[in-house]
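Beneath this line is the structure, given in structure tokens, with notes to follow.
Taken together, the values in this text are just the output of simple stated rules run on the coordinates, not laboratory data. Everything numeric in this text was worked out from a predicted model, so none of it was measured. Backbone-built Cβ (ideal geometry, glycine too); neighbour counts: all protein chains shown.
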Amino acid sequence: MASSCLPPGVLTLKQFMRRQQVLLLYRKIFRAIRQVPSEADRKYLQDWAREEFKRNKSATEEVRRCTVTHTAGWKRRQPGRVRVALKTRQS
């Protein structure tokens, strides 16, 4: 009985819940980026965030859990303020 009753392409409950968590994280990141005053830095961070999500699209559950845990811990240490660490641009 290892076969699933779900049609192909339908997410399991666990996959659906993980997808919702990833989308929530994506939205939070972009809301924080919107508060960056410099237009050039905002554009750079938006491009960087999109590329990171695309690059990690096939990441394992363990890697995602570490990323979400790290992000949640960072947020707790920075109450009431949005701080975005800018990577150094390489020319």
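So here's what we get for this one:
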item: Set of aspartates and glutamates with alpha-carbon distance to LYS57 below 17 Å, sequence-local pairs under 8 removed; result: ASP47
item: Distance in nm between pseudo-label sites at ARG19 and GLU51 (7 Å out along the Cβ direction from Cα); result: 2.7
item: Residues LEU25, LEU11, LEU45, sorted so that the one with the fewest Cβ neighbours within 10 Å comes first; result: LEU11, LEU25, LEU45
